[in-house]
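Have a look at the structure below, then the notes.
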Amino acid sequence: MEFTGELRNKDFTQQDLTDAVFRDADLAGCVFGGAKLEGASFFNCFAAEADFAETFCWRMEAWHTNFYRAKFHGADLHDATFSRCVLAGADLRGANLKGVTLTLDCNTFEDAQVDRVAASELGYLFSQLRSPLREKWTALLGQRNLAWLGRVFSR
């Protein structure tokens, strides 16, 4: 199933959108609450202020998609990929970020809302980067927390 074009404020609540493809779609303000987005793909979409709260997003993939102020609280983003996406102002509190892949090219996290668990998971992911910032993330988390997070993420 493929979705394109103007879909602004559409209600996808509780729908099974497994393996759905959203391409060049305007998804601003859409509600996906409780939807199943397992394996769904978002290509070049505008999903500002979309509501993904409590969605099942295992293996979801997003490229060049703007999730400005999107709500992902309580979403299961296990093994999701965000490449060249905007996550500024996104609400990631209570989201499962285990196995998430983030590319830092064009990803922005300004004003993202995270709880302690999400902050730790993101910190762990960033500490694994081959980046000049790696040492700063490692120092911020501390060796003890990094070892604990490494055990949690290897499960």
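Bear in mind that the values in this text are calculations on the coordinates, not laboratory data. None of the values given here were measured: they were computed from a predicted structure. Please note: Cβ atoms are built from the backbone with ideal geometry, for glycine as well, and neighbour counts cover all protein chains shown.
Skipping prolines and chain starts, which residues have an amide H placed within reach, meaning under 5 Å, of the one on Thr81, given they are 5 or more residues away or on another chain?
Here Met60, Glu61, Ala62, Thr101 satisfy the definition.
Where Lys and Arg each count +1 and Asp and Glu each count -1, what net charge lies around Phe32 among other residues with Cβ under 14 Å from its Cβ?
Net of charged neighbours comes to -4.
Each residue of segment 22-36 in order: what ³J(HN,Hα) in whole Hz does its phi give by Karplus 6.51 cos²θ - 1.76 cosθ + 1.60, θ = phi - 60°, with x for Gly and Pro?
Values per residue, Gly and Pro as x: 10, 10, 6, 9, 8, 10, 4, x, 5, 10, 10, x, x, 6, 9 Hz.
Between Arg84 and Thr103, what length comes free when the chain is fully extended (0.36 nm per residue of separation minus the Cα-Cα distance, one decimal in nm)?
Length gained, Arg84 through Thr103: 6.2 nm.
Counting only C-alpha contacts under 8 Å and six or more residues apart, can you give the relative contact order of segment 1-114 as a whole percent?
18
What are the ³J(HN,Hα) values, in whole Hz, obtained from phi via the Karplus relation 6.51 cos²θ - 1.76 cosθ + 1.60 with θ = phi - 60°, for each residue of segment 92-98 in sequence order, with x given for Gly and Pro?
10, 5, x, 7, 7, 10, 5
Between Lys10 and residues 5 or more places away or on another chain, which pairs have amide H atoms under 5 Å apart, with H built 1.01 Å from N, and which residues are they?
Cys30, Val31
So what's the net charge close to Thr81: Lys and Arg +1, Asp and Glu -1, counting the other residues with Cβ under 9 Å from its Cβ?
-1
Sort 10-17, 32-39 by packing, meaning the average of other beta carbons within 10 Å per residue, with the highest value first.
Ranking the peptides 10-17, 32-39 by packing returns 32-39, 10-17.
Once fully extended, how much extra length lies between Arg23 and Met1, figured as 0.36 nm per residue of separation less the alpha-carbon to alpha-carbon distance?
Roughly 6.8 nm would be gained on extension.
Quick one: 3J(HN,Hα) in Hz for segment 41-46, Karplus 6.51/-1.76/1.60 with θ = phi - 60°, rounded, Gly and Pro as x.
With coefficients 6.51, -1.76 and 1.60, one gets 10, 10, 10, 6, 10, 10 Hz.
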